[in-house]
Amino acid sequence: MKLVFAGTPEVAVPALDALIASGRHEVAAVVTRPDAPAGRGRRLVASPVAERAEEAGIEVLKPAKPREEGFLARLREIAPDCCPVVAYGALLPKAALDVPARGWVNLHFSLLPAWRGAAPVQHSVMAGDEVTGASTFLIEEGLDSGPVYGVLTEEVRPTDTSGDLLTRLAFAGAGLLAATMDGIEDGTLHAVPQPAEGVTLAPKISVENARIEWSAPALRVDRVVRGCTPAPGAWTLFRGERLKLVQAAPVVGRADLAPGELSVAKNNVYVGTGSHAVELLWVQPQGKKPMRAADWARGVRIVPGELVGS
């Protein structure tokens with residue numbers, strides 16, 4: 001089939017690579033978000049998908065909005081059979097959805113209908129799911145509600161951050177998306193409607209959502225830290241400034257600290273929660289680079305009984 005691939009961040013690159021490498025389908029063009037400012041100089045930088053497509057000599061389309069007539073006209077000229085999508089980052093209008101004869105097929109990082117929305121992996125980690133996965137489905141105008149072509153499952157490991165889990169799903173999902181394209185072309189794969197039961201939503205995690213509530217149980221604190229790593233980053237307040245929590249771990253059996261109360265040993269930093277304590281392993285003070293929590297604690301000279309989060 002002739003394909004137009006839509007995607008933007010690094011997590012979409014393995015799927016693009018898999019489709020290019022398959023040799024079975026022609027990736028005629030790539031659709032991605034416009035160049036965005038990045039770094040201290042805030043210079044415009046192309047998306048990872050755009051950079052990979054340019055390396056491969058593939059035409060890159062960067063509409064500000066996919067409803068733009070110039071973009072739609074070029075899409076009709078290319079006349080793709082199917083448009084695979086991974087984390088494109090913009091809603092597709094009906095005018096675009098109607099162009100490819102076999103539709104737009106999205107690789108979504110959850111077992112649909114669970115975790116429909118922008119942040120399925122983060123929500124899966126924060127909810128304490130033991131198993132998640134990826135799904136390929138035919139895009140409709142609803143939110144991730146279209147019929148499903150294929151799925152794969154992936155264990156959520158006890159220490160997984162959302163970044164760890166998403167990386168594994170990106171590479172496993174790349175193979176699923178390529179196989180889905182093959183099955184659509186062969187006519188051996190048919191999309192099945194999602195069940196009406198089991199729908200959960202996964203909206204984008206805001207910075208405020210990532211603030212730690214120390215009155216919550218240690219297990220919840222651990223899940224929020226892992227689910228918000230690397231973005232947007234779990235955080236708390238310390239002496240009026242934001243302190244990002246890069247890595248933490250529950251400490252079963254230590255329940256002598258009040259919620260938010262700090263306790264410092266020679267090489268350990270503990271914080272009380274609504275149940276037992278958590279140990280801070282890596283933190284990032286405001287305006288500084290990540291550092292070991294013990295080094296941070298030595299530098300700030302924590303007073304006995306001092307709190308975070310207040």
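The values are calculated or read from the model by the stated rules, or taken from the named source; none is laboratory data. Remember, predicted model here, so these are calculated numbers, not experimental data. Heads up, the Cβs are rebuilt from the backbone with ideal geometry, glycines too, and the neighbour counts pull from every protein chain shown. For accessibility, only protein heavy atoms count, side chains too; no ligands or nucleic acids. Shrake-Rupley method; radii C 1.70, N 1.55, O 1.52, S 1.80 Å.
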Inset, instruction - Please indicate, with yes or no, whether at least one residue in region 255-274 is open to solvent by less than 70 Å² (accessible area, probe 1.4 Å), under 23 Å from residue 130 (Cβ atoms) and out of contact with any His (no Cβ under 9 Å at 6 or more places or on another chain). - result: yes
Inset, instruction - Have a look at 115, 104 and point out the one that is of a type in the set (Phe, Trp, Tyr) and touching a Ser or Thr at 6+ places or on another chain (Cβ under 7 Å). - result: 115
Inset, instruction - Would you be able to say whether some residue in region 252-270 is β-branched (Val, Ile, Thr) and in contact with a Leu (Cβ under 8 Å, 6 or more places away or on another chain)? - result: yes
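For every residue, the table says whether it meets (1) under 21 Å from the mean Cα position of the chain (by Cα); (2) under 28 Å from residue 98 (Cβ atoms); (3) among the aliphatic types (A, V, I, L, M); (4) open to solvent by 70 Å² or more (accessible area, probe 1.4 Å).
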{"site": "6", "(1), (2), (3), (4)": "yes, yes, yes, no"}
{"site": "9", "(1), (2), (3), (4)": "yes, yes, no, no"}
{"site": "15", "(1), (2), (3), (4)": "yes, yes, yes, no"}
{"site": "24", "(1), (2), (3), (4)": "no, yes, no, yes"}
{"site": "39", "(1), (2), (3), (4)": "yes, no, no, no"}
{"site": "52", "(1), (2), (3), (4)": "yes, yes, no, no"}
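Residue-wise test of (1) assigned to a helix (DSSP H, G or I); (2) open to solvent by 10 Å² or more (accessible area, probe 1.4 Å); (3) more than 17 Å from residue 174 (Cα to Cα); (4) at pLDDT 95 or above.
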{"site": "114", "(1), (2), (3), (4)": "no, yes, yes, yes"}
{"site": "124", "(1), (2), (3), (4)": "yes, no, yes, yes"}
{"site": "129", "(1), (2), (3), (4)": "no, yes, yes, yes"}
{"site": "133", "(1), (2), (3), (4)": "no, no, no, yes"}
{"site": "137", "(1), (2), (3), (4)": "no, no, no, yes"}
{"site": "144", "(1), (2), (3), (4)": "no, yes, yes, yes"}
{"site": "149", "(1), (2), (3), (4)": "no, yes, no, yes"}
{"site": "157", "(1), (2), (3), (4)": "no, yes, yes, yes"}
Inset, instruction - Considering each of 73, 46, 64 in turn, give the residue that is closer than 21 Å to residue 231 by Cβ, surrounded by fewer than 23 Cβ atoms within 10 Å (Cβ to Cβ) and out of contact with any Phe, Trp or Tyr (no Cβ under 8 Å at 6 or more places or on another chain). - result: 46
Inset, instruction - Report yes if some residue within region 240-253 is in contact with a Gly (Cβ under 6 Å, 6 or more places away or on another chain) and part of a loop (DSSP other than H, G, I, E, B); otherwise report no. - result: no
Inset, instruction - Give 179, 216, 172 a once-over and let me know the one that is in a loop (DSSP other than H, G, I, E, B) and either among the small types (Gly, Ala, Ser) or surrounded by fewer than 16 Cβ atoms within 10 Å (Cβ to Cβ) (or both). - result: 216
Inset, instruction - Look at region 182-195 and say how many of its residues are in contact (Cβ under 8 Å) with a residue 60 or more places away in the chain and either surrounded by fewer than 16 Cβ atoms within 10 Å (Cβ to Cβ) or basic (Lys, Arg) (or both). - result: 3
Inset, instruction - Mind counting the residues in region 80-106 that are part of a strand (DSSP E or B) and surrounded by fewer than 16 Cβ atoms within 10 Å (Cβ to Cβ)? - result: 0
Legend entry - region 277-310, subset in contact with a strand residue (DSSP E or B) (Cβ under 7 Å, 6 or more places away or on another chain), assigned to a loop (DSSP other than H, G, I, E, B) and of a type in the set (Val, Ile, Thr), residue farthest from residue 256 (Cα to Cα): 302
Inset, instruction - Scan region 54-72 for residues that are of a type in the set (Lys, Arg) and within 23 Å of the chain's Cα centre (by Cα) and jot them down. - result: 62, 65
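For every residue, the table says whether it meets (1) of a type outside the set (Ser, Thr, Tyr); (2) open to solvent by less than 50 Å² (accessible area, probe 1.4 Å); (3) in contact (Cβ under 8 Å) with a residue 24 or more places away in the chain.
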position	(1), (2), (3)
209	yes, no, no
223	yes, no, yes
288	yes, no, no
294	yes, yes, yes
301	yes, no, no
307	yes, no, yes
